[in-house]
Every structure is written in structure tokens, then in C-alpha cells.
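Take a look at the structure below.
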Amino acid sequence: MGLTIGIIGLGRIGGFHADTLSGLPDVDGLIVADANPAAVDATTGRIPTARAVRDADAVLTAGVDAVVIASATPTHAALIEKSVGAGLPTFCEKPIALSVADSAELVRRIRDVDVPVQIGYNRRFDPAMAAARAAVAAGELGFVTTVRSTTLDPAPPPAAYVAASGGIFRDCAVHDFDTVRWVLDDEVVEVHAVGGNQGDPSFVDAGDVDSASVLLTFASGTIGVVSVTRYNGRGYDCRLEVHGSDDSVVAGWDDHTPVRNTQPGSTFPVGPAHRFFMDRFAAAYRAELSAFCAVAAGHATSPCSVHDALEVALIAEAATRSVEHHRPVRIDEIRSEFFAPQPQ
Ligand SMILES: NC(=O)c1ccc[n+]([C@@H]2O[C@H](COP(=O)([O-])OP(=O)(O)OC[C@H]3O[C@@H](n4cnc5c(N)ncnc54)[C@H](O)[C@@H]3O)[C@@H](O)[C@H]2O)c1
């Protein structure tokens, strides 16, 4: 028998996850809830195997085998705690909380609960990014000098989303931060970020930036460069490059990469450009949720833990502070504010 999956939150990504889950062979049915009745109606209208219940609590007590949390970020930590408290394997969209304090508190509160949690850093399931990671792990690149990760969105989200997002590092660059530490299997020790605003004034009003670049120093000495923007008119540009002493690899170069190549005679890439993250990563989202079904069925361990999400939150916090204070920020500076030193 297949799984019955509960879904909390049916907005942009939750509705998309409902579609994906309903097409997976491991899934028999969906129990869904959203605070917005129109989102519920849209989902149950599209998916015959989805049954709506009143709210998040009703999802958790409806006899589901596992839960997918795709509601707004401020709800994540409390819902993860409730879901694992009910003994249900839990997938939650990134990030686990808006602040490091809340992320660290969640990790503390569920420390002794033996129920798997998977966080939705979907790029781990992109075949090209996974191949880049495998090349690094196999030593094919020699020592890695530089890793570059880019997330260039074609157009900004609504001002209300930006105001509640926690800023470009906690909302957007977290994907890059997760990808680079996962690809290298290495930890960031220092962060130096700069931000700029040339777009809509609502970014300034929200205390945010519309574009940013971040230099990351890893424990090994590898240097990371993360570039993000809300204004990349040519399309959705998400790429990873890893350069080593022996070889270099790139993930995300295809005929839909949104760049205009000025090399005379070259026709690459032929286009059309990627426009939207859901199209660019459709296969990755499907693989991610298939992996969660294996976790929920007890066949696999979580491929992206709350500890991974907490490390990413520390990097995002350091980047945010680096821009505010115009200085490099050590990860230990942030960590020491939230975790007491361990007794020797
Ligand atoms: N991994 C990814 O690529 C990716 C992409 C997009 C969004 N996200 C994350 O997914 C989350 C949702 O983003 P979105 O773009 O879908 O936002 P959205 O605003 O479109 O949808 C959020 C939905 O959650 C519902 N909701 C809020 N509180 C609720 C509650 N207590 N119970 C039930 N429903 C509730 C809202 O009514 C809304 O329909 C965010 O945390 C975001 O960071 C991840």
C-alpha cells in the first residue's frame, strides 16, 4: 500500500508539491489544508485524490503517514515540532525559521525526537549539481580553489513578500549557501557580503537589498562566491561552478541558460531562457519528494537535516550582518551568540 501524505500550505510551492506528490507511484492520497480557502479549492479541484481538512492540526490527526509543510516561513518551526511530536516523518520547505535564534531553538527542542525531518533544499536533487558534488568527492578536481553559485531571479516578488521574507540572504541566497557547503562537504568559517539597491524602493523600505554578492571562506581554504539578484531580466539563472587544481566543472549550462554570448560565431546557448524556478528545477523537486517518500517509508535517512538548515541559517545571518556593519563576519561570532561553549 502507498503513502497518505498530509500537506500544510497550498500556495505557490505547496500547490506545486501537491501536483508532484499526486503523480508519484509511492503516494496513494493527500490530506491538505491551507489558511486560504481559495488555495484549498484550487488544489482539490485539480487533484481528485486530495481531501481537504480544516487546518494544520486536522492534517496531523487525519491518519497520514507523513507530512509536507509548505506554508509561510514564520509557521515552519512550530509546525515541524508539532508534526514530529505526533511521530510523523516531516518534510519542510526552507528555511526552518526566519532567525538563527528560532532555528537553534527548534533544533534544541526536537533534539531527542527520533522522527526523520527533511528540509527542502531542492538543488541537492539537481542531477548536474549532484554530479559536481560527486566529482569533488572523487578527488577529480584536485584541491578546490573556488566555488561559485548564482541565483539570479528575473523579476522581484511582490513587496509584501519581500517585507516578510527576512531579506535576500535568508530567503534566496540560502539555496546557494546550502549548495556550496553540500557540494564541497566543507564548512564556511567567514562571510563578507555587499548589497546594492537600484530597483524598486520597497527593498530599501524593507531594509533589504535587491542584489548581493558574498565571499565565503571555507575551513579548507576554498573561496566561495555567491551572487544573487531580484532583477535578471534575461531569465532565471541558477548555476554552479567548481574550479580545482586539476579540473573544473559547471552545473546549469544548457541551451536555456539566460545569457547572451558575445563570442563571435558561437550560437550557444540557443534558448529560450529559463524563466521560472519551478520549470528549471521540476525534475529536482520530483526527485526530492521521491526521496522523502523513501524517508517516510523508513527506507532511507533524511538527505537534508535540520542541522544542515541551521548551518545555512548561520551563514545567512553572517551575510546579513556583514552588509549592515560593512565588515567580514566569522561564523563563530554568530554561533557563540546562540550556543553556549561545550564543556571541555
Ligand atoms: N525550495 C524552494 O525552491 C522554494 C520555492 C518557493 C518557496 N519556498 C518556501 O516555501 C514557503 C512558502 O512559499 P510560497 O512561495 O509557496 O508562499 P505563498 O505565500 O504562495 O504560500 C504560502 C501558503 O501558506 C498558507 N499558510 C500560511 N500559514 C498557514 C497555516 N498556519 N496553516 C495552513 N496554511 C498556511 C497561506 O495561506 C499560503 O497559501 C516559504 O517558506 C518559502 O521560503 C521554497
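The values are calculated or read from the model by the stated rules, or taken from the named source; none is laboratory data. In this text, all values refer to a predicted model and were calculated from it rather than measured experimentally. Surface accessibility is based on the protein's heavy atoms, side chains included, excluding ligands, DNA and RNA. Shrake-Rupley method; radii C 1.70, N 1.55, O 1.52, S 1.80 Å.
From the backbone phi of the range 210-216, what are the Karplus-calculated ³J(HN,Hα) couplings (6.51 cos²θ - 1.76 cosθ + 1.60, θ = phi - 60°) in whole Hz, Gly and Pro given as x?
9, 8, 7, 10, 9, 9, 10
Short version: ³J(HN,Hα) in whole Hz for each residue of the range 298-306, in order, from phi by Karplus 6.51 cos²θ - 1.76 cosθ + 1.60 (θ = phi - 60°), x for Gly and Pro, what are they?
Working through the residues one at a time gives x, 9, 8, 8, 4, x, 7, 8, 5 Hz.
Skipping prolines and chain starts, which residues have an amide H placed within reach, meaning under 5 Å, of the one on residue 27, given they are 5 or more residues away or on another chain?
Residues meeting the amide H criterion: 3.
Convert 37 °C to kelvin, take the viscosity as 0.692 mPa s, use the Kirkwood radius over C-alpha pairs of the range 163-245 as Rh, and evaluate the Stokes-Einstein diffusion coefficient in µm²/s, rounded to a whole number. Before the final figure, lay out each step's value.
Values: Rh = 13.8 Å.
Value of D from the Cα-based Kirkwood radius: 238 µm²/s.
In whole percent, how big is the carbon plus sulfur part of the accessible area of the chain, probe 1.4 Å, protein atoms only? Display every interim value, and only then the final one.
Working: 8170 of 15280 Å².
Result for the chain: 53 percent of the exposed heavy-atom area is carbon or sulfur.
Quick one: angle between helix 282-296 and the longest Cα principal axis of the chain, in degrees between 0 and 90, rounded to 10, please.
50 degrees
Counting only DSSP beta bridges with both residues in the chain, what percent are antiparallel, rounded to the nearest 5?
Values: 29 of 56 bridges.
Antiparallel bridges make up about 50 percent of those DSSP assigns within the chain.
Between 0 and 90 degrees, rounded to the nearest ten: what's the tilt of helix 12-22 against the longest Cα principal axis of the chain?
The helix 12-22 is inclined about 60 degrees to the chain.
What residues have an amide H closer than 5 Å to that of residue 52, excluding those fewer than 5 places away on the same chain, when H is modeled at 1.01 Å from N in the peptide plane?
32
Please work out the Cα convex hull volume for the chain and give it in Å³ per residue.
On the way: hull volume 53.4 nm³, N = 344.
Hull volume normalised by residue count: 155 Å³.
Taking a probe of 1.4 Å, how large is the accessible area per residue of the range 33-190, in Å²?
On the way: 6420 Å² over 158 residues.
Solvent-accessible surface per residue comes out at 41 Å².
HN-Hα J couplings of the range 29-40 from phi, Karplus 6.51/-1.76/1.60, θ = phi - 60°, integer Hz, Gly and Pro as x?
x, 10, 10, 10, 8, 8, 5, 9, x, 5, 5, 5
Counting only residues 5 or more places away or on other chains, whose amide H sits under 5 Å from the amide H of residue 120 once H atoms are built in the peptide plane?
Counting only residues 5 or more places away or on other chains, the set is 92, 93, 94.
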